[in-house]
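Only the coordinates and a few stated rules stand behind these numbers; no lab work does. Predicted model, so just to flag it, every value in this text is computed and none were measured. Glycine also receives a Cβ, built like all others from the backbone with ideal geometry; neighbour counts cover every protein chain displayed.
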Amino acid sequence: MPYTKIWIHLIWSTKNREPMLQKDFRSKLFDHIRENVKGKGIHLDTMNGYLDHVHTLIRLKPDQSVARVAQLLKGESSHWVNDQKLTGFKFEWQDEYIALSVSESQLDKVREYIKNQEEHHRKKTFAEEYEQFMKKYGFNEEG
């Protein structure tokens, strides 16, 4: 049996970064995602977000890929929202996402960052945060 600890900070946004995740809706959605991952074998450590995006800290199992976990989280949750008719329109997530590896020594720092999203976004928009992640981790660079 393989022993692995692969932590991923996974971030994704609503389609066109529309501010659709109002507090009550966000709470229902996150409760559903937390319940749903149990049946999918996904270890979701921490989750939070704000009006237009979601942050999660997940631990991948040896047979899981980032792409598959992102698909399961995003695809199933948008399907559920639409099936439950929780919005008056078709709810969608943006296709893209950011996935960053997290070392054991940084887990508490990332957990706190995720837990404090509402406070964090009083000072900085998600667009600003997104650009900061893209620059900091070199996603805008060629090659």
Quiz item: Under a point spin-label approximation (7 Å from Cα along Cα-to-Cβ), what is the Glu128-Lys23 distance to one decimal in nm?
Solution: 2.2 nm
Exercise. Evaluate the distance, in nm, between pseudo-label points positioned 7 Å from the Cα of Lys85 and of Phe139 along their respective Cα→Cβ axes.
Key: 3.6 nm
Quiz prompt | Reachable lysines, given that their alpha-carbon falls under 30 Å from the alpha-carbon of Lys124 and they are not under 8 places away in the same chain | solution = Lys15, Lys23, Lys28, Lys74, Lys90, Lys109, Lys115, Lys135, Lys136
Quiz prompt | Cross-link reach list, aspartates and glutamates versus Lys61, counting only Cα pairs under 16 Å and skipping chain neighbours closer than eight places | solution = Asp45, Glu104
Quiz item: Fewest to most neighbouring Cβ within 10 Å: what's the order for Ile58, Ile11?
Solution: Ile11, Ile58
Practice problem: Give the residues of region 95-137 whose amide nitrogen is closer than 19 Å to a point set 7 Å from the Cα of Asp45 in the direction of its Cβ. | Solution: 98-117
Exercise. Rounded to the nearest 500, what is the 222 nm mean residue ellipticity of the chain from helices alone, with -39500 (n - 2.57) per DSSP H run of 4+ residues and division by all residues?
Key: -13000 deg cm²/dmol
Quiz prompt | Full-stretch length increase - Gln71, Asn116 - with 0.36 nm per residue and alpha-carbon distance subtracted | solution = 13.7 nm
Quiz item: Under the definition of Cα pairs under 8 Å and six or more residues apart, what whole-number percent is the relative contact order of region 6-136?
Solution: 37 percent
Self-check item: Gyration tensor verdict on region 9-69 (Cα atoms; rounded if a/c is under 1.5, prolate if a/b is larger than b/c, oblate otherwise)
Solution: prolate
Quiz item: So, by mean Cβ neighbours within 10 angstrom, what's the order for 79-92, 38-51 with the highest one leading?
Solution: 38-51, 79-92
Quiz prompt | Length-normalised contact order of region 34-92 in % [C-alpha pairs under 8 Å, at least 6 apart] | solution = 21 percent
Quiz item: Over the chain, with a single point scatterer placed on each C-alpha, what log10 of the ratio I(q)/I(0) does the Debye formula yield at q = 0.11, 0.13, 0.17, 0.20 1/Å?
Solution: -0.41, -0.57, -1.00, -1.38
